[in-house]
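Computed from the coordinates by the stated procedures, all read-outs in this text should not be read as laboratory data. Since we're looking at a predicted model, the values are computed, not measured. So basically every Cβ, Gly included, is an ideal-geometry build from the backbone, and we count neighbours across all protein chains shown.
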Amino acid sequence: MRLRPAKLAALLTLGLAAACSTTPTGRSQLILVGDADMDRMGATAFAQVKAGGKVSGDAASTRYVNCVARALIAQLPEPARSKPWEVALIDDASANAFALPGGKVGVHTGLLKVAANQDQLASVIGHELGHVTSRHAAERVSNQFATDTALQVLNSATGGQRQQLLGLLGLGAQAGIALPFSRQHETEADVLGQRYMASAGFDPRAAATLWENMQKQAGGSRPPAWLSTHPDPQRRIQTLAAAAPGLMPAYEQARSAGRRPACR
């Protein structure tokens, strides 16, 4: 049976209203998939990475990465902090890291060439952990489902209904929803990651320096900011640098409390 556009729209609206959640920064978000399901997806993806033979055999660097990650994980809010976290160093030349639902962290060996010290490494891992505590992966899955449903409504609508739905969708599923949404996630993860690193005893000023290093490595080639899935690099550096002084009290308090990571 084919539902009429008005009925599909009503069902979508009811579903969105029933699935509202809030991120650690206080932003409202749409969550249509449970944490248990996301944890299983994260575990499956992590197992596939390891099965591909990409785990580094460098014991010293693995200990270093684990040291930084564990210090940060200890500062996460519950229930994230108590998950059975697994940290792996991935043999990959790209300067990257990731954190998956279910307590999985991967750091690429290439990142260690860009992050000059433990504080800079903590800024990247903290950022990735911010994605997890904000449930960004679940939100992306949920947003995709909602977008697909909205487009089904749009494709079934005609005339005035079609124009009204276009207005609700903004500029369209790609430029109006997907890309700005992703930039929002990146900015939110920056905020949380810098907080976590300060609370763990890592210098929050290193976050801006890390992204300066990243920008140098990238060579300045990037798409226009409004079509990027990441914040503009220079703006990102400025924002992180501006936030650092306000986080110095938390950093100094952490150091006074004995949280003094000595990972390398």
**Item:** Dmax and Rg, reported as Rg then Dmax, of the range 50-98 (C-alpha, Å)
**Value:** 12.2, 33
**Request:** Give me the orientation-averaged projected area of the Cα convex hull of the range 9-122, in nm², one decimal.
**Result:** 9.0 nm²
**Request:** Quick one: which residues, 5 or more positions from Ile90 or on another chain, have an amide H under 5 Å from its amide H? H modelled 1.01 Å from N in the peptide plane, none for Pro or chain starts.
**Result:** Ser56, Val107, His108, Thr109
**Message:** Can you order the peptides 103-113, 36-46 by their average number of other Cβ atoms within 10 Å per residue, highest first?
**Reply:** 103-113, 36-46
**Request:** With θ set to phi - 60°, apply the Karplus curve 6.51 cos²θ - 1.76 cosθ + 1.60 along the range 189-199 and write out the HN-Hα couplings as whole Hz, x wherever there is a Gly or Pro.
**Result:** 5, 4, 4, 5, x, 5, 5, 4, 5, 5, 5
**Out-of-range pairs (alpha-carbon distance over 24 Å; input Lys54/Lys216; Lys54/Lys113; Lys113/Lys216; Lys83/Lys216)** = Lys54/Lys216; Lys83/Lys216
**Request:** Using the Karplus curve 6.51 cos²θ - 1.76 cosθ + 1.60 with θ = phi - 60°, work out ³J(HN,Hα) for each residue of the range 46-51 in order, rounded to whole Hz, and write x for Gly and Pro.
**Result:** 5, 4, 5, 4, 5, 5
